[in-house]
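**Q** Dropping a structure here in structure tokens format, bear with me for questions.
The values are calculated or read from the model by the stated rules, or taken from the named source; none is laboratory data. Values in this document were obtained by computation on a predicted structure and should not be read as measured data. Neighbour counts run over all protein chains shown; Cβ positions are idealised from the backbone, glycine included. SASA here: full protein model, heavy atoms, side chains in, ligands and nucleic acids out. Shrake-Rupley method; radii C 1.70, N 1.55, O 1.52, S 1.80 Å.
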Amino acid sequence: MTDSFTIRVDGRVIEARQGQTIMEATEQAGIYIPRLCDHPDLRAHGSCRICTVLANGRSVAACTQPVERDMEVKNRHPRVEAWRRQLIAMLFVEGNHFCPCCEKSGNCELQALGYLHGMTATQHPHLFPRRAVDGSHPDILLEHNRCVLCGRCVRASRDVDGKQVFQFAGRGLNRHITVNTEAQLDHPGLDLKDKAVSVCPVGAILKKHKHYGVPVGERKFDHDPIGSDVESHDQDKVT
Amino acid sequence: MDLPLRERIESVCRQYDRRRDRLMDMAIDIQAAERCISPEAQDALARELGMEVVDVQSLVTFYAFLTESPTGRVVVRLCDDIPDFLAGLDAVAEALSSELGLEFGQTSPDGQITLERTPCIGMSDQCPAALVNEVVVTNLTPESARAMARGLLRHGDPHRLVEHTGDGRNSHELIRAMVQNNLRERGPVLFGGPVTGRGLEAALRKPSAEVRAQVRASNLRGRGGAGFPTGQKWDFAAKAEGTRRTVICNADEGEPGTFKDRVLLTELPELMFEGMTIAAYAIGADEGILYLRGEYTYLRPFLEHVLGLRRRSGLLGRNILGHSGFDFDIRIQMGAGAYVCGEESALISSCEGLRGDPKTRPPYPAQSGYLGRPTVVNNVETLCAAARILEHGADWFAAIGEPQSTGTKLLSVSGHCERPGVYEVPNGLTLSDLLERVGAKQVQAVQVGGFSGHLIPPREFGRRISNTDLLTGGAVLVLGEGVDLIAMGVRVLEFFVEESCGFCTPCRAGNVLLLERMKRVAAGHGEEADYTYLAELSEAIKGTSRCGFGQTSPNVVLDLLRHFRPVLEKSIGIDPGNGTREAFDLGAALRDAERISGRRSTHHLAERTEHREAAPRKEVKIDGQTRQDTPKEGER
């Protein structure tokens, strides 16, 4: 095929196709690039910046940057990994994240990224913002304290559920997720089965009555670090 | 004024053909009439346009000049840019606040007056300055501020504050502003001669590809600060797929300390519109937008008037100058107080009736910009220069300045100098030459390119204003020896924290963390480890931010670390008496607890007995003077 070529990721040569993003090409080759706002079923957003890589020496978000022929990508590069640690720490301190008492612990992508990057404590001061908890929906809890502004719910509701229950409001540190119709979560639009409810990477959108359905110790990231699924996908192919 | 809300909204929506992409205009009109866009108004707007109310809310909560709760009938916005501080802003602020009986951020109980602070309004050469609704008030002193406050309390009419109008067209009946051009030096390109319209005539005699080739040959680069080759940008847009194309003139001029476009908009709008029309012809665009910052609303009636004249003269509209098939017109899109909208993709979002979040790139605007159309976004000065290039030729232009940096650059000079104002200088001028021209002595540093630019120390004053050296949108802020550079750094970061759109993590949270640590250093509580912390955090923000905002916001910190280390080190106070370093303010840490318990801690007793002669806590001010922070009566 004329529109297929190779790129190099940390020295490894992989196949890529014209029109793919770096994220898509590496995913297919079983290379994991850490990410938070990106989700395979949603349009890329490029907001968390955790998937930042060096592409031909320039820093770009892997989830939005198209591949180019012979592109040289640095993913597991000391500078890039230091930046990622900074970003993960920023997300922790700008919200109120108390893992030991969070229902999402073990299934939380932010927590899992923290572990993956060897984060123990943050060098940044906690900002302790004052944010509301919205429990008005009978089945769904909206915990803004844990929101990382990845916008997955915004995109899922708009593009997959066709509802637009969520949207961004405010700017800067005051940027936040707002809910349709005067901040009432019992908007007729939001349903437990909605994609918007299931895509939250952290404990900001929670299904009520189900928090401890899976005990701690048996949760998604309790045994295998985040990204293992991507990398094992590659090993399956090899063997 | 007294239309019921629903009727008002219906009529505003009709005025813009119920087009959702004109939501900015509708919101600005409703804000002006109702003094807010209340949740009820947002709901009515959403119903009228058949859209979700969250999308309306998303826009309203983004722009500083749009509010959800009512402002006063008169909104006084005092500019708090650094040149204003250097020119005595604090005393003016105090005078204004006490005479109006309002704290900043407050509205008078009768709903007449709101007092606010606002970032740079483009008047750094005649500051302190304020916006009173859309009326600009310049050269404020505590006395004139008091007089202004008394006037507003008496008659409530901002226009009556203008007693003398400024030079040139500032006195035009459709402007009538007290603004002065302060045009100190006219160069050969922009202010070299009258506006003849011959550039457009010459362009229309050539095929559009030749027009682009001529701009390419001139080596003109974008004058907004990024320096992208203009001809190349036009080529991309001309060759991109699409049936309709758009030319946008970026007159957002939000970079603090920049005001040169204000003078072009006042004195040479014909040249700017001519440049836009040439760009439209060159790329095949049929629609043009002038994105005018909300702070320059006072220029809008005049600019609309100029557009009207051009339509009547066949310079806009159908078959321009008889050139069959060349149809092009221009509308003015007002901004509403958002620095980030100077970034071209955020500016496009704003033109589309969205919050001003920058867009994901690629695709670049030239491929897919305004409403998905190939779009060229050029700065006011770039378009003016392009018109001159078509008029006088690429060789003429390329002979001015330097080979890699052709033509002239318009500079906005402010701060500690005798002749602040606008200078059109050939590219390649050194900073030391410039400082001499503007009458600056005993300079500690020069900030080139505004807050997102660089802080240049005296040993580098041999550097040149040029695409290959100091690439700048034109802001030159002169900082005399008394200026507290650390306090200035804090102010710069406060601005970025206030203006970040918050889309991406590093810019939203990282700048806040930078500010927190810089405040600690400014308060004299810094330690050596802070330098590493600040440097690493700055590099992470620059390296991972999504747009130019976060890629440049830490520059001031890095420049302080690089060039002004002794200044920082002096701020790490070590008590010569006992060799200890004050890293922690016990009194401040206890303040909340004291307030809750209603009594003072014994810490203060110790302070009074042991350090009776100790100096009161120092609070840093940008002008280098220190203020004694004595506790107020009620706090005792």
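**Q** Residues of B:50-57, mean number of Cβ from any other protein chain within 10 Å of their own Cβ, rounded to a whole number?
**A** 6
**Q** If you roll a 1.4 Å probe over region A:95-223 with all protein chains in place, what percent of the accessible area is carbon or sulfur?
**A** 54
**Q** Now for a different question. DSSP loop GluC sites (Glu not before Pro) in region B:46-119 with at most 14 other Cβ atoms within 10 Å of their Cβ, which ones?
**A** B:Glu68, B:Glu103
**Q** Considering only DSSP states other than H, G, I, E and B, which GluC sites (Glu not before Pro) in region B:392-453 qualify as loop sites with at most 14 other Cβ atoms within 10 Å?
**A** B:Glu418
**Q** May I pose another question? Sort by residue number and name the cysteines in chain A that have no neighbouring cysteine Cβ under 4.7 Å.
**A** A:Cys51, A:Cys63, A:Cys99, A:Cys101, A:Cys102, A:Cys108, A:Cys147, A:Cys153, A:Cys200
**Q** What is the set of long-range amide H partners of B:Gly222 at a cut-off below 5 Å, with H atoms built 1.01 Å from backbone N?
**A** For B:Gly222, whose amide H was placed from the backbone, the distant partners under 5 Å are B:Gly227, B:Phe228, B:Thr230.
**Q** Another question, then. What are the trypsin sites (Lys or Arg not before Pro) within region B:93-164 that DSSP puts in a loop, where the Cβ has at most 15 other Cβ atoms within 10 Å?
**A** The qualifying sites: there are none.
**Q** Also: Averaged across the residues of A:43-55, what count of C-beta atoms belonging to other chains lies within 10 Å of each residue's C-beta?
**A** 4
**Q** Still on this structure, please answer the following. Percent of accessible area on region B:425-580 owned by carbon and sulfur, 1.4 Å probe?
**A** 49
**Q** Also, quick follow-up: Determine the shielding of peptide A:138-149 by partner chains: average, over its residues, the number of Cβ atoms on other chains within 10 angstrom of each Cβ.
**A** Going residue by residue through A:138-149 and averaging, the value is 1.
**Q** Quick check for me: using +1 on Lys/Arg Cβ and -1 on Asp/Glu Cβ, what's the dipole size of region B:485-571 about its Cα centre, in debye to the nearest 20?
**A** For this selection, approximately 120 debye.
**Q** Per residue and in Å³, how big is the convex hull formed by the alpha-carbon atoms of region B:74-163?
**A** Given the Cα convex hull of region B:74-163, per-residue volume reads 78 Å³.
**Q** Using a 1.4 angstrom probe with every protein chain in place, what is the largest-first accessible-area order of B:His454, A:His124?
**A** These residues rank, largest area first, as B:His454, A:His124.
**Q** So what's the back-of-envelope 222 nm ellipticity for chain B, counting only DSSP H runs of four-plus at -39500 (n - 2.57) apiece and dividing by all residues, rounded to 500?
**A** -12000 deg cm²/dmol
**Q** Follow-up. Show that you can apply the helix-only estimate: for chain A, add -39,500 (n - 2.57) for every DSSP H stretch of four or more residues, divide by all residues, and state [θ] at 222 nm to the nearest 500.
**A** About -6500 deg cm²/dmol.
**Q** What is the Cα convex hull volume of region B:334-421 when expressed per residue in Å³?
**A** Cα-based convex hull of region B:334-421, divided per residue, equals 172 Å³.
**Q** Same structure again: Give me the percent of accessible area attributable to carbon and sulfur for region B:194-237, probe 1.4 angstrom.
**A** 52
**Q** Further question: What percent do you get for the relative contact order of chain B when only Cα pairs under 8 Å and 6+ apart count?
**A** 12
**Q** With every protein chain present, what is the per residue accessible area of region B:114-232 (1.4 Å probe, Å²)?
**A** Normalised by residue count, the accessible surface of region B:114-232 is 44 Å².
**Q** Here is a further query. Determine the percent antiparallel among the DSSP beta bridges restricted to region B:405-480, to the nearest 5.
**A** About 75 percent, rounded to the nearest 5.
**Q** Mean shadow of region A:73-168, computed from the convex hull of its alpha carbons, in nm²?
**A** Hull-based average projected area comes out at 8.2 nm².
**Q** With no solvent and one equal point scatterer placed on each C-alpha of region B:394-483, evaluate the Debye formula and give log10 I(q)/I(0) for q = 0.13, 0.18, 0.25, 0.26 Å⁻¹, two decimals.
**A** -0.38, -0.71, -1.29, -1.39
**Q** Okay, next question. Would you work out the Kirkwood radius for region B:331-484? I mean one over the mean of 1/r across all pairs of different Cα atoms, in Å.
**A** Evaluated on region B:331-484, it is 17.5 Å.
**Q** Give me the percent relative contact order of region B:185-399, please, defined on Cα pairs under 8 angstrom at least 6 residues apart.
**A** 33
**Q** State whether region A:95-223 is rounded, prolate or oblate according to the following rule on the C-alpha gyration tensor (a ≥ b ≥ c being the square roots of its eigenvalues): a/c under 1.5 gives rounded; otherwise a/b larger than b/c gives prolate, and the remaining case gives oblate.
**A** It comes out oblate by the Cα gyration axes.
**Q** Given the pairs A:Lys195/A:Lys220; A:Lys74/B:Lys359; B:Lys233/B:Lys542; A:Lys104/A:Lys207, which are separated by over 22 angstrom at their Cα positions?
**A** Pairs exceeding the cut-off: A:Lys74/B:Lys359; B:Lys233/B:Lys542.
**Q** Pairs of alpha-carbon atoms within less than 8 angstrom and 6+ residues apart define the contacts here; what relative contact order does chain A have, in percent?
**A** Relative contact order of chain A: 20 percent.
**Q** Where nothing but the Cβ of Lys and Arg (+1) and of Asp and Glu (-1) is charged, how large is the charge dipole of region B:5-60 around its Cα centre, in debye to the nearest 20?
**A** Around 100 debye, computed over region B:5-60.
**Q** Continuing with the same structure: What shape does region B:5-60 take by its C-alpha gyration tensor, where a ≥ b ≥ c are the square roots of the eigenvalues and a/c under 1.5 counts as rounded, a/b above b/c as prolate, and the rest as oblate?
**A** rounded
**Q** If amide H atoms are built 1.01 Å from N in the plane of the peptide, which residues on other chains or at least 5 residues away come under 5 Å of the amide H of B:Ala445?
**A** B:Leu479
**Q** When all alpha-carbon pairs of chain B are counted, what percent fall beyond 41 Å?
**A** Across chain B, Cα pairs with separations above 41 Å total 28 percent.
**Q** Separate question: Nearest 100 Å² is fine: how much accessible area is buried between B and A, summed over both sides, with a 1.4 Å probe?
**A** Approximately 3200 Å², summed over both chains.
**Q** In region A:58-85, which residues give up 10 Å² or more of accessible area once the other protein chains are added, compared with their chain alone (1.4 Å probe)?
**A** The answer is A:Arg58, A:Ser59, A:Thr64, A:Gln65, A:Pro66, A:Trp83.
**Q** Here's a follow-up. Grab the beta carbon distance between A:Gln18 and B:Arg599, set R0 = 60 Å, and tell me the FRET efficiency rounded to 0.05.
**A** 0.25
**Q** With axes computed from alpha carbons, what is the tilt in degrees of helix A:228-238 against the longest principal axis of chain A, rounded to the nearest 10 within 0 to 90?
**A** In chain A, helix A:228-238 runs at an angle near 30 degrees to the longest axis.
**Q** Between rounded, prolate and oblate, where does the protein assembly as shown land on the alpha carbon gyration tensor, with a ≥ b ≥ c its root eigenvalues, rounded for a/c under 1.5, else prolate if a/b exceeds b/c?
**A** rounded
**Q** Running Debye on chain A with equal point scatterers at the Cα sites and no solvent, what base-10 log of I(q)/I(0) appears at q = 0.18 Å⁻¹?
**A** The computed values of log10 I(q)/I(0) come out as -1.44.
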